[in-house]
Number of protein chains: 2
Amino acid sequence: MSHRIALASDHAATAMKAELADWLRAAGHDVLDLGTNGPESVDYPDYGYRLGKAIETGEATFGIALCGSGIGISIAVNRNPAARCALVSEPLSAGLAREHNDANVIALGARMIGIEMAKACVTQFLETAFLGDRHVRRVEKLSNPERSPA
Amino acid sequence: MSHRIALASDHAATAMKAELADWLRAAGHDVLDLGTNGPESVDYPDYGYRLGKAIETGEATFGIALCGSGIGISIAVNRNPAARCALVSEPLSAGLAREHNDANVIALGARMIGIEMAKACVTQFLETAFLGDRHVRRVEKLSNPERSPA
């Protein structure tokens, strides 16, 4: 099954982003590259917000967010209630993110894991289905904070 | 240095929360336990939002968010712009979260890492200072999305 996948990174992760983009395109996915694409130092929140917006508008179904540790950009993406971004470093978490949280974005740390681990995480993420059931109410609360008691 | 630290978890992580709370109190920290504290199945967003609110109000300086994978509750905490929550599974990321992102909350997966690894992450998190400098502008953007270009 092919997807429309948005990729965003800061300057610390452009090489990993480019390699993942080529690999995803070769697998038949439609890739939306939201930058950055130069060596200049940029601010990861700018790119995280772009990715959140692409998920919110439906421009992309899934997203991959990259920075040095994956932490900063994962926080930025999750500022958008339409995004459910899981920072992962191994495939077990990438699968759980889909099964339990219906995650639509994964964040990876380009200075923390290598390209093959990154690909293994993305593969597990794209191939795992949301379990639904009791998880539905929780996922709805993630995008509708007013449904949680104060 | 002692801190006021808020802890929140769902039912999958109450044992780890209790052990971390005892350990933090023994180290002289002031611990605010936001629940859950029973075996009943609860919704992790409810507890993540409580933790974000405790950070927003200043009731706690730091927070520790726990669920089975750490993913769901980390997303919930990051819905609050006052919170900067890093999902980590090892101390290097816990330190980078403070140095680069001035993270005020870490999320841990109680079904992913053991108690000693969790303590090592918390220790590194509490003992590492924010680096400031170029990171300040990025951190400010995390709490003020309007400062990023559309």
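See the values below:
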| quantity | calculated |
| --- | --- |
| Size descriptor, Kirkwood hydrodynamic radius, that averages inverse alpha-carbon separations across the stretch B:65-139, Å | 12.2 |
| MRE, 222 nm, helices only [DSSP H, n ≥ 4, -39500 (n - 2.57), over chain A, to nearest 500] | -13500 deg cm²/dmol |
| Within-13-Å neighbourhood charge of A:Arg25 [Cβ basis; K, R +1; D, E -1] | -2 |
| Per-residue average of Cβ from other chains inside 10 Å of B:42-49 | 6 |
| Relative contact order, percent, the stretch B:3-150 [alpha-carbon distance under 8 Å, six or more residues apart] | 22 |
| Given charges at Cβ of Lys, Arg, Asp, Glu: the stretch B:1-100 dipole, positive-most of B:Thr14, B:Leu24, B:Pro91 | B:Pro91 |
| Sites A:Glu40 and A:Ile115 - FRET efficiency at Förster radius 22 Å, r taken between beta-carbons, to 0.05 | 0.45 |
| DSSP bridge pairs, the stretch A:4-147: antiparallel proportion in percent, nearest 5 | 0 |
| Global form of the protein assembly as shown, assessed from the alpha-carbon gyration tensor, a/c cut-off 1.5 | prolate |
| Zone of A:Glu59's modelled label, taken as backbone nitrogen in the stretch A:80-112 under 19 Å from a point 7 Å along Cα→Cβ | A:80-85, A:104-107 |
| Global geometry of the stretch B:5-62, whether rounded, prolate or oblate, following the gyration tensor of its Cα atoms and the 1.5 cut on a/c | oblate |
| 10 Å Cβ shell holding at most 16 others, DSSP loop, trypsin sites (Lys or Arg not before Pro): longest site-free stretch of chain A | A:1-110 |
| Under 26 Å from the Cα of A:Lys119 - lysines, other chains or at least 8 residues apart | A:Lys17, A:Lys53 |
| Local net charge near A:Leu108, Cβ-Cβ under 11 Å (Lys/Arg +1, Asp/Glu -1) | +2 |
| Prolate/oblate/rounded label for chain B (Cα gyration tensor, a/c 1.5) | prolate |
| Lys, Arg +1 and Asp, Glu -1 on Cβ, resulting dipole of the stretch A:4-147 about Cα centre, debye, nearest 20 | 420 |
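Every number in this text was worked out from the coordinates using simple rules, so none of it is lab data. Keep in mind that this is a model prediction, so the values were computed, not measured. Please note: Cβ atoms are built from the backbone with ideal geometry, for glycine as well, and neighbour counts cover all protein chains shown.
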